[in-house]
Amino acid sequence: MAEIIAGGASEIFDAGWVIVGFVADEGVVRLVHGPNVPDEIRADWNDIPLDVAVPICEVLRGDTPRWELASRDEFVPWPILVAEAERAGFSALVVEPIVDDQRPAAVIALGWRDEHPIDGEERELLSEFADVARPAFRRAIATESDRHVASTLQSWLLPSTVPHVDRLSLSTIYEPGTDELDVGGDWYDVVVTDHGRTAIIVGDVVGHDIRAAAEMGQIRHVLSSNLARSDDPTDSLRLTDRYFHERRPDTMATALVMVFDPVADSLEIASAGHPAPIVVEPGTAARTLDHGLGPPIGSGLGGYSATIRPFPAGAVVIGYTDGVVERRGTPVDRCVTEFCRQIDHSIATSDADHAVPALTALVRQRATEPARRDDAAAVIVQSHRARTGT
Amino acid sequence: MSDPLPRLVVSVHGSTVTVAGDIDAHSCPELEAALEPLPGAGDVHVDLAGVGFMDSSGLRVLIGAHQHAAAADRRLVIGRPSGSVLRLIEVSGLSGHLHVDDTT
């Protein structure tokens, strides 16, 4: 939004370059540059503290209603401005507030290479432009602050550490989304059950907002708590589904649960509408694993089932959310096939018995590609032989 | 940035809800509004022939309506889903739960 306003102002006041500034975070001013801003300024003026002694911050703080500085002589009260004007080559500056609720919500700053006294007509046009920009700005700032709160909440609601588990190498990944409007409710968790097995969970709450992030925290804990006590993925999913359907009928999430049994060398797998995990057994190619597939958590439909599969030493399993595999414009099945090929390549070109670091790098890279917009979570697990004598 | 074209058109005739466009997090409230309360009497038919794309937000709405219908001794029938919508229903573990009719 700020980009559009900066671009629009650039065209209307064609002599100038334009920077739009607003308080993005407590005490931090975010500067968004229009198309003609000199590189010297673009590189160094992005997020700046609100208390910096420059006209933009003065107007944002409400110390001065607006500034019109028609020549460099008028820059003198601000040493930083004098230095920047010298470096980037501008000689006139106007800072116009976008006033909302009697406070400056944002500023539009225009710079000119040459001296530029503002006349009445231009002043009026600038003031009208600020009026027109106000509602758009109100929305943009609300979105920005929502996104900030949601991504902070999301990171607090994920486990800060996962337990160390004998015989398993474990890696967990979370990457936030790239779309400025999207905050997801993806999660992972690893819980050692009361029966000494290890439950590995990946999930995805439907929705992309603060509510999704908050619901994620609740679902993660209820499901993990059920798993820790009951040790039974089917039963845990059934109880969690019922709990949320009864109390929060609007909440829905998919989840994959894999319980590693160190005695039987097996994985018990159950899914609540979640994408199938990918498994690589020693000497075989990566493939998606058949698993008990039931409806999403919160649907209230129940009917979960689990599949038990061997998980021998050296085997790898990857549980993931859509954001790791999906690419805009490519069918999901083809994305999964491509992901499997990359996994095979990664294992073939690294230490096959210690594949987790290379696979983590691969998943991280996929999860941060520009073609993706959703958030992404994954758990990568490799089983190892019991150490001799233990 | 907002899309200038309407992305979802939902029309209700009796107990039939006809949907055209993409169903995602931004557009699904329109479908939700048409299904709550459930329209008409008897089975509710949701015709998805005009829906090219639907994501899990749309599924959430359909499951909610399915449950409301079941509680009222009615059925929610999903009509003429596209291949990708049908696939989403399958991979979400809902094939045995939602009533799908792709013959009408």
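A few points about this structure:
- For segment A:158-383: rounded, prolate or oblate by the Cα gyration tensor [a/c cutoff 1.5]: oblate
- Placing +1 on each Lys and Arg Cβ and -1 on each Asp and Glu Cβ, with no other charges, gives the protein assembly as shown a dipole about its Cα centre of roughly 2020 debye.
- With a Förster radius of 56 Å applied to the beta-carbon distance between B:Asp102 and A:Asp146, the computed FRET efficiency rounds to 0.90.
- With a 10 Å cut-off around each Cβ of B:49-58, the average count of Cβ atoms from other chains is 2.
- Protection proxy ranking of A:72-82, A:193-203 - average other beta-carbon atoms within 10 Å, highest first: A:193-203, A:72-82
- Panel order for B:Ser95, A:Ser169, by other beta carbons found within 10 Å of each beta carbon, from fewest to most: B:Ser95, A:Ser169.
- Residues in segment A:48-73 that a label on A:Asp131 would reach, taking backbone N under 18 Å of a point 7 Å out along Cα→Cβ: A:66
- Only Lys, Arg (+1) and Asp, Glu (-1) charged, at Cβ; segment A:158-383 dipole about Cα centre in debye: 100 debye
- Segment A:252-306-segment A:156-225 distance, computed between alpha-carbon centres (Å): 15 Å
- Considering only A:Thr143, A:Ala109, A:Ser169, and ranking their Cα positions along the charge dipole of segment A:99-170 that arises from unit charges at the beta-carbon of Lys, Arg, Asp and Glu, the one farthest toward the positive end is A:Ser169.
- Shielding by partners - mean other protein chain Cβ count within 10 Å, residues of A:273-281: 2
- Loop-located trypsin sites (Lys or Arg not before Pro) in segment A:292-335 (DSSP state not H, G, I, E or B) with no more than 12 neighbouring Cβ atoms inside 10 Å: A:Arg328.
- Remark: segment A:82-95, residue by residue, has Karplus-estimated 3J(HN,Hα) of 4, 5, 5, 5, 5, 5, 9, x, 10, 10, 8, 8, 10, 10 Hz, where x stands for each Gly or Pro and the curve is 6.51 cos²θ - 1.76 cosθ + 1.60 at θ = phi - 60°.
- For segment A:114-125, 3J(HN,Hα) per residue [Karplus equation, 6.51 cos²θ - 1.76 cosθ + 1.60, θ = phi - 60°, Hz, x = Gly/Pro]: 9, 4, 8, x, 7, 9, x, 5, 5, 5, 5, 4
- Computed per residue of the protein assembly as shown from DSSP H runs no shorter than four, each worth -39500 (n - 2.57), the mean residue ellipticity at 222 nm is -11000 deg cm²/dmol.
- A dipole drawn for segment A:2-152 from +1 and -1 charges on Cβ atoms has a positive end, and of A:Ala9, A:Gly27, A:Pro65 the residue lying farthest that way is A:Gly27.
- For segment A:158-383, DSSP calls about 95 percent of its internal beta bridges antiparallel.
- Relative contact order (%) - chain A, alpha-carbon pairs under 8 angstrom, separation at least six: 13 percent
- 3J(HN,Hα) from dihedral phi, segment B:81-97, Karplus parametrisation 6.51/-1.76/1.60, rounded to Hz, x for glycine, proline: x, 5, x, 6, 5, 4, 5, 4, 4, 5, 6, 8, x, 10, 4, x, 10
- Its alpha carbons considered, the protein assembly as shown gives a radius of gyration followed by a Dmax of 27.5, 89 Å.
- Cα point-scatterer Debye curve for segment A:23-113, base-10 log of I(q)/I(0) at q = 0.17, 0.22, 0.24 Å⁻¹: -0.70, -1.21, -1.43
- Cβ neighbours within 10 Å from other chains - mean over A:359-365: 0
- Percent of alpha-carbon pairs separated by more than 15 Å within segment B:15-101: 52 percent
- Label-point gap, in nm, between B:Arg7 and A:Glu3 - each point 7 angstrom along Cα→Cβ: 1.8 nm
- Taking 0.36 nm per residue of separation and subtracting the current Cα-Cα distance, fully stretching the chain between A:Arg309 and A:Ile12 would add 100.3 nm.
- Estimated dipole of segment A:205-285 in Debye, rounded to 20 [Cβ of Lys and Arg +1, of Asp and Glu -1, Cα centre]: 380 debye
- Going from the residue with the fewest nearby Cβ atoms within 10 Å to the one with the most, A:Asp375, A:Asp261, A:Asp166 rank A:Asp166, A:Asp261, A:Asp375.
- Per-residue Cβ neighbour rank within 10 angstrom, fewest leading, A:Glu26, B:Glu32, A:Glu128: A:Glu26, A:Glu128, B:Glu32
- Leading residue at positive end of dipole, segment A:221-311 (Cβ point charges), from A:Ala228, A:Ile269, A:Gly298: A:Gly298
Values quoted throughout were computed directly from the atomic coordinates according to the rules given, and no laboratory measurement underlies them. Because the structure is a prediction, the values reported are computed rather than measured. Positions of Cβ are backbone-derived with ideal geometry, glycine not excepted, and every protein chain shown enters the neighbour counts.
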